[in-house]
Amino acid sequence: MKKWTTTSGCTVYQVTEGRSNSYLVLDDDISILIDTGLENSKNELMKKLDHLLGERNLSYLILTHTHFDHVGNATRIKKEYKARIIVQKSESENLKRGNTPILHGTNPITGILVKIGRKIKQFNEYPAVKPDYLVGEKHHLTPHCYLIHTPGHSKGSMSLIIDDEVALVGDAMVGIFWWSVFPAFADDVPSMIISWNKLLETSCNIFLPGHGTPNSRKLLKKQYQKHR
């Protein structure tokens, strides 16, 4: 299992990978799950959580945004682990009704896929769940972790910053191609580029996306300069 440790001792584990990534952050006695993946990944997710948590409780579940491939197991996680769910306030109503509209494609191919996907319920709907905390532009969660609003992929996308060393960024970028972080889908590309700069304004050197492998600061800076 991949993991990253910051200078303060916070540890980040990649709990699931493949179609969607989920991460667990351990900060002293506080444990934070970031995203839950697709509903059909619940067995793998919970098995690994049980192993990593041991006797700990799961303190929080952070949803970087409310697309079906990130919130599919949110209801189950809240029920089984009593985790408090945190979401950006502009997407809270989506979560409560279990429906988030499919976003726009950023190229001609994904534009076509979006038109098809909007007709298929499974790409819009997921088990509804009520969030416990709504956050705005910035929210300090622990002495070492804080959330920032990084819209663009979706209106309420947000990222978790750990010790200004590691950023968990949801779909603000992807890690699928070694030469690019540009997502195939985004509602507001100009806002997404601004969010890249917001992430660069931290001192983070590692950016962990919701899809793919980690991105370096060097690659993100190069992409920001290209697209701004």
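The values are calculated or read from the model by the stated rules, or taken from the named source; none is laboratory data. Predicted, not measured: the structure shown is a model, and the values here were computed from it. All Cβ positions, glycine included, derive from the backbone under ideal geometry; neighbour counts span all protein chains shown. Keep in mind that these areas ignore ligands, DNA and RNA; they rest on the heavy atoms of the full protein, side chains included. Shrake-Rupley method; radii C 1.70, N 1.55, O 1.52, S 1.80 Å.
Centre-to-centre, using Cα atoms only, region 167-228 and region 40-62 are separated by 27 Å. The fraction of accessible area contributed by carbon and sulfur in the chain is 53 percent, rounded to a whole number (1.4 Å probe; ligands and nucleic acids excluded). Using a cutoff of 8 angstrom between alpha carbon atoms and counting only pairs six or more residues apart, the relative contact order for region 1-62 works out to 26 percent. For region 125-228, what does the alpha-carbon gyration tensor say about shape, rounded, prolate or oblate, given a ≥ b ≥ c as the root eigenvalues, a/c under 1.5 as rounded, and a/b over b/c as prolate? Cα axes put region 125-228 in the oblate bin.
Other residues with beta-carbon under 12 Å from the beta-carbon of residue 211 carry, at +1 per Lys or Arg and -1 per Asp or Glu, a net charge of -3. Modelled this way, with points 7 Å down the Cα-to-C-beta line, the labels at residue 1 and residue 225 are 3.8 nm from one another.
The residues of region 167-228 expose, per residue, 48 Å² of accessible area to a 1.4 Å probe. A simple count of charges around residue 179, restricted to other residues whose Cβ falls under 15 Å of its Cβ and scoring Lys, Arg +1 and Asp, Glu -1, yields +4.
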